[in-house]
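*Asks:* Here it is, the structure, as structure tokens.
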Amino acid sequence: MTNKKSYQMVITTVMIVISLICIIPFILLISSSITSEEMLVKNGYSFWPKKLDLSAYKYLLFGSGAVLRGYAISIIVTVSGTLLSLLLTIMFAYPLSRKDLPGRNIFSFFIFFTMLFNGGLVPTYIMWTQLFHIKNTIWALVFPNLLMNAFNVIMMRTYFMTNIPEEVIEAARIDGSGEFRILFGIIVPMALPIIITITLLVGLGYWNDWLNGLYYINNDKYYSIQVLLTKMLENVEMVKKASSAGASTMKMPSTSIRMAVAVIGALPVLVVYPFFQKYFVKGIVIGAVKG
């Protein structure tokens with residue numbers, strides 16, 4: 001009993017330390033975003049604002065149309081990209097989970113091959129810009145790199161194989177159900193944990209993505225919130241140019257505004273994640289077991 005209590009104490013201490021390592025930077029980020037520009041320049045960052053100042057958030061919400069537009073673009077891209085990616089992943093994973101699929105091993109090899117090799121950045125860029133002509137369109141934030149992920153397909157295929165009883169599918173076929181009815185009427189409701197897990201992974205990928213904007217977008221009309229933050233970190237003057245005409249005389253806090261945009265960018269994830277957490281853990285554990 002003594003050894004067990006000591007073990008639990010050590011594990012608890014380690015988890016507390018890891019949690020603090022994750023939480024402390026975010027606390028510092030929030031504190032810096034509500035600290036006056038003068039105090040940040042004079043005293044640097046601190047965990048408690050020496051002089052409270054919300055001018056960075058006022059500027060972002062009322063003085064800059066770029067941030068609100070970036071938020072709208074990020075929401076549109078995340079929702080549409082996640083739904084489309086989830087549909088394609090389910091449609092690809094379900095046939096691969098069926099042992100009677102002709103050429104199943106060949107298709108499985110193709111999806112696994114993409115986890116090890118890709119065409120490279122330059123050929124990919126040429127393909128999307130010269131063949132599909134998606135540069136400076138909202139589709140440039142949806143299609144490249146994020147739409148399909150081989151790891152997600154394998155996880156979902158494994159879940160279908162190990163957690164959906166074969167007898168259920170056979171019974172549905174005897175009742176006259178077709179493959180689409182079986183997939184969306186039986187398989188999908190039974191695979192809710194892995195579907196929510198994939199939804200969260202893909203959604204986070206779309207929300208946090210800035211590389212597609214860097215490669216394929218040079219029109220600020222299509223900047224997502226993450227691309228906007230990246231541009232601001234490079235040059236805060238970009239925000240002044242993107243501001244509405246009526247806010248041109250507003251004094252912009254260049255340091256705290258970076259922190260405020262980072263907080264605004266991370267806020268939706270912090271709000272949504274607790275609702276998906278229980279499904280996320282279950283889906284990862286079950287879907288990652290090889291079948």
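*Asks:* Provide a single number: the residues in segment 104-125 that are more than 30 Å from PHE184 (Cβ to Cβ) and surrounded by 13 or more Cβ atoms within 10 Å (Cβ to Cβ).
*Replies:* 2
*Asks:* Right, another one. Would you call PHE47 aromatic (Phe, Trp, Tyr) and in a helix (DSSP H, G or I)?
*Replies:* When the stated conditions are applied, PHE47 does not pass them.
*Asks:* Among LYS51, LYS42, LYS4, which is the only one that is in contact with a helix residue (DSSP H, G or I) (Cβ under 7 Å, 6 or more places away or on another chain) and at pLDDT below 90?
*Replies:* Exactly one of LYS51, LYS42, LYS4 is in contact with a helix residue (DSSP H, G or I) (Cβ under 7 Å, 6 or more places away or on another chain) and at pLDDT below 90, namely LYS51.
*Asks:* Listed residues VAL281, VAL202, VAL271; which is at pLDDT 80 or above and either part of a helix (DSSP H, G or I) or closer than 20 Å to SER33 by Cβ (or both)?
*Replies:* VAL202
*Asks:* Give the residue, chosen from LEU96, LEU101, LEU88, that is within 23 Å of the chain's Cα centre (by Cα) and open to solvent by less than 80 Å² (accessible area, probe 1.4 Å).
*Replies:* LEU88
*Asks:* Another question about this same structure. So GLY176 passes all but one of these: (1) open to solvent by 20 Å² or more (accessible area, probe 1.4 Å); (2) in a helix (DSSP H, G or I). Which condition number does it fail?
*Replies:* (2)
Residue-wise test of (1) farther than 27 Å from ILE138 by Cβ; (2) part of a helix (DSSP H, G or I); (3) not polar (S, T, N, Q).
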position: GLY70; (1), (2), (3): no, yes, yes
position: ILE75; (1), (2), (3): no, yes, yes
position: SER80; (1), (2), (3): no, yes, no
position: MET91; (1), (2), (3): no, yes, yes
position: LYS99; (1), (2), (3): yes, no, yes
position: PRO102; (1), (2), (3): yes, no, yes
position: PHE107; (1), (2), (3): yes, yes, yes
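*Asks:* Sticking with this structure for a sec: Given the residues LEU83, LEU101, which is the only one that is within 24 Å of TRP210 (Cβ to Cβ) and among the aliphatic types (A, V, I, L, M)?
*Replies:* Unique residue meeting the criteria: LEU83.
*Asks:* Any residue at all in segment 5-14 that is surrounded by 10 or more Cβ atoms within 10 Å (Cβ to Cβ) and under 28 Å from the mean Cα position of the chain (by Cα)?
*Replies:* Yes.
*Asks:* Quickly run through segment 179-194 and pick out the residues that are in a helix (DSSP H, G or I), of a type in the set (A, V, I, L, M) and open to solvent by less than 50 Å² (accessible area, probe 1.4 Å).
*Replies:* Selection gives ILE182, LEU183, ILE186, ILE187, VAL188, ILE194.
*Asks:* Which pairs do you get when a residue that is at positive phi, found in segment 90-111, comes within reach of a residue that is aliphatic (A, V, I, L, M) and open to solvent by 40 Å² or more (accessible area, probe 1.4 Å), reach meaning Cβ atoms under 6 angstrom, with the pair 6+ apart or on two chains?
*Replies:* Pairs that qualify, where the first residue is at positive phi and the partner is aliphatic (A, V, I, L, M) and open to solvent by 40 Å² or more (accessible area, probe 1.4 Å): there are none.
*Asks:* Here is a list of conditions, (1) open to solvent by less than 80 Å² (accessible area, probe 1.4 Å); (2) outside any helix (DSSP H, G or I), and THR197 meets all of them except one; can you say which number that is?
*Replies:* (2)
*Asks:* How about segment 205-220: which of its residues are surrounded by fewer than 20 Cβ atoms within 10 Å (Cβ to Cβ) and either modelled with pLDDT under 85 or in a loop (DSSP other than H, G, I, E, B) (or both)?
*Replies:* TRP210, ASN218, ASN219, ASP220
*Asks:* Could I ask something else about it? Within segment 164-173, can you find the residues that are open to solvent by 60 Å² or more (accessible area, probe 1.4 Å) and either touching a residue at least 40 places away in the same chain (Cβ under 8 Å) or within 14 Å of MET190 (Cα to Cα) (or both)?
*Replies:* Matches in segment 164-173: GLU166, GLU167.
*Asks:* I've got another one for you. What are the pairs, 6+ residues apart or on separate chains, where a residue within segment 16-37 that is closer than 18 Å to LEU60 by Cβ and in contact (Cβ under 8 Å) with a residue 40 or more places away in the chain has its Cβ under 6 Å from a residue that is open to solvent by 40 Å² or more (accessible area, probe 1.4 Å) and among the basic types (Lys, Arg)?
*Replies:* SER36/LYS51
*Asks:* Output the residue which, of all residues in segment 46-65 that are farther than 13 Å from ALA260 by Cβ and within 28 Å of the chain's Cα centre (by Cα), is least open to solvent (accessible area, probe 1.4 Å).
*Replies:* So the residue we want is GLY65.
*Asks:* Pull up segment 126-150, narrow it to residues that are of a type in the set (Phe, Trp, Tyr) and surrounded by 15 or more Cβ atoms within 10 Å (Cβ to Cβ), then point me to the one that is farthest from LEU192 (Cα to Cα).
*Replies:* Here the answer is TRP128.
The values are calculated or read from the model by the stated rules, or taken from the named source; none is laboratory data. Everything numeric here is computed off the predicted structure, so don't read it as measured data. For neighbour counting, all protein chains shown are included, and Cβ atoms are generated from backbone atoms with ideal geometry for every residue, glycine included. Only protein heavy atoms, including side chains, enter the accessible area calculation; ligands, DNA and RNA are left aside. Shrake-Rupley method; radii C 1.70, N 1.55, O 1.52, S 1.80 Å.
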